[in-house]
Structures are given as structure tokens and as C-alpha cells.
1. If you stretched the chain out fully between Asn139 and Gln195, how much longer would it get, using 0.36 nm times the residue separation minus the C-alpha to C-alpha distance?
2. Which links in Lys23/Lys45; Lys41/Lys110; Lys140/Lys182; Lys45/Lys110; Lys140/Lys205; Lys23/Lys140 stretch past 21 Å when you go from one Cα to the other?
3. Could you compute the net charge surrounding Gln195? Neighbours are other residues with a C-beta less than 15 Å from the C-beta of Gln195; K and R count +1, D and E count -1.
4. Using amide H atoms built in the peptide plane, which far-off residues or other-chain residues are under 5 Å from Asn96 H to H?
5. Calculate, in nm to one decimal, what Glu186 and Asp38 gain on full extension: separation in residues at 0.36 nm each, minus their alpha carbon distance.
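None of the figures in this text is laboratory data; all of them are computed from the coordinates on show. Computed from a predicted model, the values in this text were never measured in an experiment. FYI the Cβ positions are ideal-geometry reconstructions off the backbone, even for glycines, and counts take in every protein chain you see.
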Amino acid sequence: MIYSKRIEHDRIFLEYLDFVRGKVAYYQPLIEERTGLDLGKIGVKESHKLLEDKLKYWLNDEEIPLWLRLMLLPFTMVLSNQKIKSTILAIKFKENIYIPEDNYSINILKDELSGKKQETDQIVVHELTHEVWFGLGGNKSDKEMIQEGYALYGEMNWFEDFYPSGKHSLKNLPPIEDLRYKQEIEQLVKLHGEQILFDIPRDWKEYLE
């Protein structure tokens, strides 16, 4: 019984990954056209591959001392089969979106297919807006709350007209600091126009510090 439930869980989760990939394929060209960016190939993976991918990235990062990269090497084998269970909706790292392999993701898919919820569209647009941040000169090391505020603005304002009718609805309030920076970006757009969105990732200290 437990084994059959595991098989069913894995089947639904793989179906959800394909569902997310379809959303990426839909929204990415729209966002690229509006921003003039080429976001490149955006993958969708199971979150248990995140740690392994991060370690592989660090091992090839020449800014990290060689001795430290060599120390990390054994962990790639240990962590390759570890799963990150989380109630967050998605994790963005480099060119991939990672989906947590837990019942939360499974329930989202079930609710999406039944029409009870419509969250995946905004999840994908949020994560693609992070890629816009990097494409416009922002860095991973930039203040995380500002990056999140920018992604919230993309999800809720900048790209809102891309959603099919009724697709966007804010079910859960984001962290208050992320929301504050999103509101500050709204004020900047009112003052300077939408063009300011192309400057913020590179010059955020000038506008949001």
C-alpha cells in the first residue's frame, strides 16, 4: 500500500514538473519580448537536484579557492539523492527552477487541474522575473529582499496582463520586507515611468538604499 502511494506520488509530481515546464514555455517568450532580453534555456527540476547542482557550480567556480572546491567534492555524491522538503513554492538557482518534492506541490497540481487554485502561473512569472533581474545587470549577491521585491513587482504588476483572465490572485501575503520593496518599486515607476525597471537591477543602491 505504501509502495503504491509512493508510485502515485512520484507520477503526479512528474506530471506537475511537465505542467510547470508548459507554463515556462508560455510566459518566457512574453517576458523576453517586453524586456528585450534573451533569458536563455530555463530548466525545471526536482528540488533534490538543487544541492548537487550547487556543489557542481561551486566546484567549477574559479573564484573559490581550489582547496575549498576539493573539500566540497565528496559531498556531491552524498547529497545527490537528498530531497529538500519545503512549503515554499519554488527555488531559483542559475538557469533552473527547482520544485520541492512534497505534498504541497502535489496538492497544488490537484487543485490546478480541478480549477480550485491557480498558483503556478504566478510562481513561474515570479521566478522568471528573477532571471530578468540578472539579465539587466543584477547580481545574486544583491540584497535578497530587494530581489524578491522586484520579482513580486514583476509577478503582480509588470507582467500581470500576461495572465489568462482570472489567473492571478494573491493567496498568501509575501514577507513584509519583500512587500515593502515591491511597494517602493511601485513608487519609483510612478515617478520615473516603467523605464526605471530596466535600471533598478544594476543601480538598486541608488534607488532603494
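1. Result: 18.2 nm gained on full extension.
2. From Lys23/Lys45; Lys41/Lys110; Lys140/Lys182; Lys45/Lys110; Lys140/Lys205; Lys23/Lys140, over 21 Å: Lys41/Lys110; Lys23/Lys140.
3. Residues near Gln195 contribute -2 overall.
4. Those lying under 5 Å, H to H, from Asn96 are Gly43.
5. 50.8 nm
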